[in-house]
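To start, the structure itself, in structure tokens.
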Amino acid sequence: MKAKIACIALAMAAAAPVWAAEDPVGDLAQITGLSERKVQMILGNRTAFAEYTYTYDRSLKKFVAAVGKDNYRRLLDGEEVAIRDVQGRTWVVQIKRDRADVL
């Protein structure tokens with residue numbers, strides 16, 4: 001019985017935790033190393049940010065390198081994605097997109 005409990009405890013400790021994103025912009029900022037403002041600029045309307053003309057391309061490259069091209073496209077489509085950070089944690093993130101944002 002003790003061996004069974006020990007195996008279960010070991011399996012639970014070895015499994016990477018999955019975090020549900022209540023603040024997806026904050027979570028993506030933490031995963032990518034960008035500020036929340038830059039994540040908002042990448043995922044939203046970039047012209048609302050005065051600095052977009054000289055920081056957007058560099059921030060976009062860093063963001064895509066951190067989350068991957070496929071996950072980036074799926075995020076923009078409003079799909080839920082699982083992203084693993086550098087510590088090995090898995091984050092489940094979904095950006096709620098309003099159809100007015102896409103137009």
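The values are calculated or read from the model by the stated rules, or taken from the named source; none is laboratory data. Note that the structure is a prediction, hence the values are computed from the model and not measured. We place every Cβ from the backbone using ideal geometry, glycine too, and count neighbours over all the protein chains shown. Accessible surface areas use protein heavy atoms only, side chains included; no ligands, DNA or RNA. Shrake-Rupley method; radii C 1.70, N 1.55, O 1.52, S 1.80 Å.
Determine the gain in length on full extension of the stretch residue 50-residue 82; use 0.36 nm per residue of separation and subtract their C-alpha separation, reporting nm with one decimal.
Value of the extension gain: 8.4 nm.
What percentage of the solvent-accessible surface of segment 26-103, computed with a 1.4 Å probe over protein heavy atoms, is contributed by carbon and sulfur atoms?
For segment 26-103, the apolar C and S fraction of the accessible surface comes to 46 percent.
Mind putting a number on the dipole of segment 29-103 about its Cα centre? Charges go on the C-beta only, +1 for Lys and Arg and -1 for Asp and Glu, and I need it in Debye to the nearest 20.
160
Over the heavy atoms of residue 47, what accessible area does a 1.4 Å probe trace out, to the nearest 10 Å²?
Near enough 90 Å² of accessible area.
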